[in-house]
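The values are calculated or read from the model by the stated rules, or taken from the named source; none is laboratory data. Worth saying up front: this structure is predicted, and the values here are computed from it rather than measured. Here the Cβ positions follow ideal geometry from the backbone for every residue, glycine too, while neighbour counts run over all protein chains shown. In case anyone asks, the SASA skips ligands and DNA or RNA and just uses the protein heavy atoms, side chains included. Shrake-Rupley method; radii C 1.70, N 1.55, O 1.52, S 1.80 Å.
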Amino acid sequence: MYENWEEVEDACKNCNKCRLCNERKNVVFGIGNKNAKVMFIGEGPGADEDIQGIPFVGKAGQLMNKAFEGIGLKRDDVYITNIVKCRPPKNRNPERDEAEACIEYLEAQIKLVNPDIIVLLGSVALKNILGIEYGITASRGKWFEKDGIKILPTFHPAALLRDDTKKIYFWQDLKKIRNKKEEI
Ligand code: URA
Ligand code: SF4
């Protein structure tokens, strides 16, 4: 549908296909290496992301950066985006119809990046990409495959801020990604 980055980014940045366009300050399209082997998909922008127009720059993002550093993964090596590109009010979960309206941009980004590995950060990303029947606690750390891409769900970094005991699992999952990346 979209032929190139310019087309998809332009359409997304001018989008008003769902109600999330009403309160956003900025569309948060995505950032990183457009030829990345590994792509990270979160839920949707929070307050800091909405202000800066860049994904994962707030507290959750800073924690994710630290974890990346710890395993020698650079933010510039990966591509990072979200299920919905506009901030849901009060950081509520995106509604199904909002995610459905927005998914065309993510699908285009996946086609253009063509990653070997997709990391799903948290339950919203998991359910929108693999299916609503999946739960994050049971699925995290397990490899799935879709359209020839290896998919690894893990906890959302914001969940680690709420519950310290999840950090070790997130760390383990990032190491799996690093190891798989080296295999490919
Ligand atoms: N949480 C997300 O899911 N995405 C962001 O970009 C920031 C916080
Ligand atoms: Fe468009 Fe997605 Fe923003 Fe909704 S969340 S207005 S579909 S870019």
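What accessible area per residue comes out for the chain, rounded to a whole number of Å², with a 1.4 Å probe? If you can, show how the numbers build up before the last one.
Details: 9370 Å² over 184 residues.
For the chain, the per-residue accessible area is 51 Å².
Using each residue's phi in the stretch 97-113, evaluate 6.51 cos²θ - 1.76 cosθ + 1.60 at θ = phi - 60° and report the 3J(HN,Hα) Karplus result to the nearest Hz, with x for Gly and Pro.
Rounded to whole hertz, the list is 5, 5, 4, 5, 5, 8, 4, 4, 5, 5, 4, 5, 4, 5, 4, 6, 6.
In a shell of Cβ-Cβ distance under 9 Å around F155, excluding F155 itself, what net charge do Lys and Arg (+1) and Asp and Glu (-1) give? Walk me through the numbers before you get to the answer.
Working: positive: R140, K166, K167; negative: D163, D173.
Result for the local shell: +1.
Under 5 Å between amide hydrogens, which residues at least 5 positions from I83 or on another chain qualify, with H placed 1.01 Å from N in the peptide plane?
Residues meeting the criterion, in which the H sits 1.01 Å from N, are G42, E43, G44.
Among the listed pairs K13/K59; K17/K181; K17/K66; K13/K142, which are separated by more than 28 Å between their Cα atoms? Please report the intermediate quantities before stating the final value.
Numbers: K13/K59 24 Å; K17/K181 36 Å; K17/K66 35 Å; K13/K142 34 Å.
Cα-Cα > 28 Å for K17/K181; K17/K66; K13/K142; rest within.
Could you give me the percent of Cα pairs per 5 Å distance bin for the stretch 102-184, shortest bin first, beginning at zero and ending with the bin that holds the maximum distance?
Result returned by the calculation: 3, 14, 24, 25, 20, 11, 3, 0.
Using a cut-off of under 16 Å, list every residue of the stretch 8-46 whose amide N is near the label point 7 Å from the Cα of I103 along the Cα-to-beta-carbon line.
Those under the cut-off are 18, 41-44.
Arrange the residues I83, I168, I129 by how much accessible surface each exposes, largest first, with a 1.4 angstrom probe.
From most accessible down to least: I168, I129, I83.
Mind checking which of A60, I71, N26 is farthest towards the positive end of the stretch 25-84's charge dipole, using Cβ charges of +1 (Lys, Arg) and -1 (Asp, Glu) about the Cα centre?
I71
Only four residue types carry charge here, +1 at the Cβ of Lys and Arg and -1 at the Cβ of Asp and Glu. Report the dipole size of the chain about the Cα centre in Debye, rounded to the nearest 20. Can you show the working numbers first?
Numbers: 30 positive and 28 negative charges, 146 e Å.
That gives the chain a dipole magnitude of about 700 debye.
When the label point is put 7 Å from the Cα of N14 along its Cα-to-beta-carbon vector, which residues of the stretch 90-120 have a backbone N closer than 17 Å?
Hits in the stretch 90-120 for N14 at 17 Å: 105.
How much length is gained on full extension from D164 to K34, taking 0.36 nm per residue of separation minus their Cα-Cα distance? Walk me through the intermediate numbers first.
Values: separation 130, 0.36 × 130 = 46.80 nm, distance 3.22 nm.
Computed gain between D164 and K34 is 43.6 nm.
Which far-off residues, 5 or more places away or on another chain, put their amide H under 5 Å from the one on I118, with H placed in the peptide plane?
Residues meeting the amide H criterion: M39, K150, I151, L152.
Give me D for the stretch 49-131 in µm² s⁻¹, whole number, from Stokes-Einstein with Rh from the Kirkwood sum over alpha-carbon pairs, 10 °C and 1.306 mPa s. Mind showing how you got there, number by number?
Details: Rh = 14.0 Å.
In µm²/s, the coefficient is 114.
Between D147 and E6, what is 0.36 nm times their sequence separation minus the Cα-Cα distance? Round to one decimal in nm. Please report the intermediate quantities before stating the final value.
Details: separation 141, 0.36 × 141 = 50.76 nm, distance 2.40 nm.
Here the answer is 48.4 nm.
Taking loop as defined by DSSP and a crowding limit of 15 other beta carbons within 10 Å, which GluC sites (Glu not before Pro) in the stretch 75-184 fit? Write down the numbers at each step before the final one.
Values: sites: E95, E98, E100, E104, E107, E133, E145, E182, E183; in loops: E95, E133.
Loop-located and lightly packed - E95, E133.
Looking at the square roots a ≥ b ≥ c of the eigenvalues of the Cα gyration tensor of the stretch 11-155, which shape do they give, rounded for a/c under 1.5, prolate if a/b is larger than b/c, or oblate? Don't skip to the end; give the middle numbers.
Working: a/c = 1.43, a/b = 1.23, b/c = 1.16.
Because its axes are fairly even, with a/c under 1.5, the stretch 11-155 counts as rounded.
Over the chain, with every protein chain in place, what whole percent of the accessible area is carbon and sulfur at 1.4 Å, could you tell me? Write out the running numbers ahead of the final one.
Numbers: 4220 of 9370 Å².
Summing carbon and sulfur atoms, their accessible area is 45 percent of the total for the chain.
Give me the three principal axis extents of the stretch 134-181 from the C-alpha atoms, as integers in angstrom, largest value leading.
So the extents along the principal axes, rounded to whole Å, are 34, 24, 14.
Charges at C-beta only: +1 for Lys and Arg, -1 for Asp and Glu. How large is the resulting dipole of the stretch 1-107 about its Cα centre, in Debye rounded to 20?
Working: 16 positive and 19 negative charges, 101 e Å.
Roughly 480 debye, rounded to the nearest 20.
For the chain, take the longest principal axis of its alpha carbons; what is the angle in degrees between that and the long axis of helix 59-70, to the nearest 10 within 0 to 90?
Helix 59-70 and the main axis of the chain meet at about 40 degrees.
Putting +1 on Lys and Arg Cβ atoms and -1 on Asp and Glu Cβ atoms, find which of A99, A138, I117 reaches farthest to the positive end of the dipole of the chain.
The one lying farthest along the dipole's positive direction is A138.
Less than 20 Å from a label point 7 Å out along the Cα-to-Cβ axis of E182: which backbone N atoms in the stretch 115-159 qualify, by residue?
It comes to 116-119, 141-143, 150-152, nothing else.
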